[in-house]
Structure formats: C-alpha cells, structure tokens
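Structure first, commentary second.
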Amino acid sequence: MTAEEEAAGMAALSICESLVIAMVEKGLLTVEEARGVLEDAAAAHLRQGMLEPPNLQQDMAVRFIERLVLQVDVAGQKR
C-alpha cells in the first residue's frame, strides 16, 4: 500500500469516526443504533477473515471498529 493510500484510509477513518459520534451527540442515532451499525461492520470483517487466509488487516479493522464503539459509548454518556 502506498503512503497516499494509507493517508486516504486514515482520513476516511477519521471522517467516519467524527460522523458517527456527531450523529449520536445530535440524537440522529441512538447509542444502540450506532453500536449495531458498527457491530455489523466488525462482523463483516470477521467473516471475511474466515474466508481468507489469516489477514492482519481484517483483524486491525475489527480492532479499529471496536475502539469506535467505545467512543460512541462515551459520546452517548455526554447526552
């Protein structure tokens, strides 16, 4: 992966994190709805990891999503 692709991935992750947290803080999504969306995304990466040989990127994606779930929980507590 090139440095440009890595930077694009980091930017996309930051944008998605901010959007999900903002939606929870504004009441557009409940914490439970946001958690559901994120859990679905993590499950998709887990399934993909089962279909392919062990893949560090799939595991890392799941960990990033799990971190975002924790951030969503904190955002929900602030409401």
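The values are calculated or read from the model by the stated rules, or taken from the named source; none is laboratory data. Because the structure is a prediction, the values reported are computed rather than measured. No Cβ is skipped: glycine too gets one built from the backbone with ideal geometry, and neighbour counts run over all protein chains shown.
Of all residue pairs spaced 6 or more apart or on separate chains, those with beta-carbon atoms under 7 Å, a first member in region 7-30 that is of a type in the set (Asp, Glu) and a second member that is surrounded by 15 or more Cβ atoms within 10 Å (Cβ to Cβ) and part of a helix (DSSP H, G or I) are Glu17/Leu68; Glu17/Gln71; Glu25/Ala75. Out of curiosity, is Ala22 at pLDDT 90 or above and either within 25 Å of Glu5 (Cα to Cα) or among the small types (Gly, Ala, Ser) (or both)? Yes. Close contacts from region 32-50, counting a first residue that is of a type in the set (S, T, N, Q) and a second that is crowded, with 17+ Cβ neighbours inside 10 Å, with Cβ to Cβ under 6 Å and a gap of 6+ residues or different chains, come to Gln48/Gln58. Scanning region 61-79 for residues that are of a type in the set (Gly, Ala, Ser) and touching a residue at least 24 places away in the same chain (Cβ under 8 Å) yields Ala75, Gly76. Can you find even one residue in region 1-8 that is among the small types (Gly, Ala, Ser), closer than 27 Å to Gln77 by Cβ and modelled with pLDDT of 90 or more? No: region 1-8 contains no residue that is among the small types (Gly, Ala, Ser), closer than 27 Å to Gln77 by Cβ and modelled with pLDDT of 90 or more.
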